[in-house]
Amino acid sequence: MSDEKLSFNKDGKFIIMQVSDPQDLQFVRHTMVRMLNKVYDRISPDLVVFTGDNILGNHLRDARFGSKHVIHTKKEEYERMKTAIAHICNPLEKRNIPFTMIYGNHDDVNEITKEEQADIYRSYKMCVGLDNPDKSVDVDTFDLPIYSRDLSRKLFNLWMIDSAWYDKKEDKCHEAVKKETVDWYIKRSDELKAENSGKPLPSLMFQHIPMPESVRLLVDCEKDDPLAVPFFRKGEKERYVKLDPKKADGFLCEPITPCEENYGQLEALKKQGDVKAVVYGHDHTNNFIGEHDGITIIQSSAASFRCYGNHLRGVRIFELDENNPEEFKTYFLTYADICGTSIPSRIAYIWDADGCIKQKSALIAGTAAVAVGIGAAAYFIRRKYNG
Ligand SMILES: [Fe+2]
């Protein structure tokens, strides 16, 4: 683990690459890794932020195909976890790119504790953060300051906020930003403000699961609205929603599934006035930027190829400017933006991405038909010329 300070680069910028929900196992989908590597090499981010569901922690015990448990000890599960984490951390270690992480609702649904899992991340020399001395909060709740180029002062801050934890006794994953976490944020935010001559230190806040108020970015609509997304469970009255065009812009392809409990995070953000945007992952096929009650809310779609997803698979980039830390730029890169739309690139996507069963079947059938055709042609040519 590195204790080097993060600082604005020689161009006076700081580039953050958000990778959300890479959510894979020891048998990784290589197309996702290739997609991420291309961005690392193209953008050279100053920091990569894994915003939860970094591994598919609840399926570590499974067979390669299907969900039958084939390993039975914590030690074996731990080894698989280490391999799954290595798939996302080794490329960064190799390129000397700092990275940090928070957990999602899948990471610790297993026998390994959050602290033990954090030690795996900390074993990488490019891992930063995960160093909060305040033990009243989860290990993945901490802040990460970004310093001026001359390292003389903090110009920006990143809040990494836990929003999910697995209760092993109850066998239940809880989804909330706890009261202790909100209290810690207020206390730490006040400290940073005092250090910054009484002015709130501009910052971004990353957490896996959306704040409860995030659903206020949605409006009800008719079922036949082209943007309508079903927002009801089986047996409930039918309800359809879309992003409120007055409040948000982007893609809503599934309902926003926010934290189950509310301990006043939004009110705290409004009061502290330092957070320029709260950034989530979690809902794999949503990708938007909105504003509710004066707080900018961003949801980024997933990188994972192993779980459900769509053409929005990709990564989000944030660009900070040393000369104007009060503002930031952000944009999203999809798989097509990163890897192009050539036939080999499309085939790699179809082959590795969940949700492409029809295209994959057609690809296999087409390949088999071509192979049979070539074989048959070769057979007839041989017969013709060999008499
Ligand atoms: Fe999630």
Out of (1) away from the ligand (no atom under 16 Å from the Cβ); (2) buried (at least 19 other Cβ atoms within 10 Å of the Cβ), the one Asp3 does not meet is (2)
Worksheet item: Is it the case that region 46-62 has a residue that's at pLDDT 95 or above, loosely packed, with under 14 Cβ neighbours inside 10 Å and out of contact with any Leu (no Cβ under 8 Å at 6 or more places or on another chain)?
Response: no
With the structure loaded, tell me whether Glu236 is open to solvent by 80 Å² or more (accessible area, probe 1.4 Å), at negative phi, more than 27 Å from the chain's Cα centre (by Cα) and assigned by TED's automatic domain parsing to the domain that holds Phe99 or whether it fails that test. yes
Within region 110-134, residues assigned to a loop (DSSP other than H, G, I, E, B) and either under 20 Å from the mean Cα position of the chain (by Cα) or among the β-branched types (Val, Ile, Thr) (or both) come out as Asn110, Ile112, Thr113, Tyr124, Met126, Val128, Gly129, Leu130
When region 269-291 is checked residue by residue, the ones that are part of a loop (DSSP other than H, G, I, E, B) and either under 20 Å from the mean Cα position of the chain (by Cα) or within 15 Å of the ligand (Cβ to nearest atom) (or both) are Gly281, His282, Asp283, His284, Thr285, Asn286
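Tell me, which residue of region 276-309 that is in contact (Cβ under 8 Å) with a residue 24 or more places away in the chain and hydroxyl-bearing (Ser, Thr, Tyr) is most open to solvent (accessible area, probe 1.4 Å)?
Tyr308
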The number of residues in region 90-102 that are open to solvent by 20 Å² or more (accessible area, probe 1.4 Å) and within 22 Å of Asp138 (Cα to Cα) is 1
Filtering region 256-268 down to residues that are of a type in the set (S, T, N, Q), within 16 Å of the ligand (Cβ to nearest atom) and crowded, with 18+ Cβ neighbours inside 10 Å yields none
Picking from His87, His106, His69, the residue that is open to solvent by 10 Å² or more (accessible area, probe 1.4 Å), within 15 Å of the ligand (Cβ to nearest atom) and either touching a strand residue (DSSP E or B) at 6+ places or on another chain (Cβ under 9 Å) or charged (D, E, K, R) (or both) would be His106
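The values are calculated or read from the model by the stated rules, or taken from the named source; none is laboratory data. The structure displayed is predicted, hence computed values, not measured ones. Positions of Cβ are generated from backbone atoms using ideal geometry, with glycine treated the same way; all protein chains shown enter the neighbour counts. Ligands, DNA and RNA are excluded from the accessible area calculation, which covers all protein heavy atoms including side chains. Shrake-Rupley method; radii C 1.70, N 1.55, O 1.52, S 1.80 Å.
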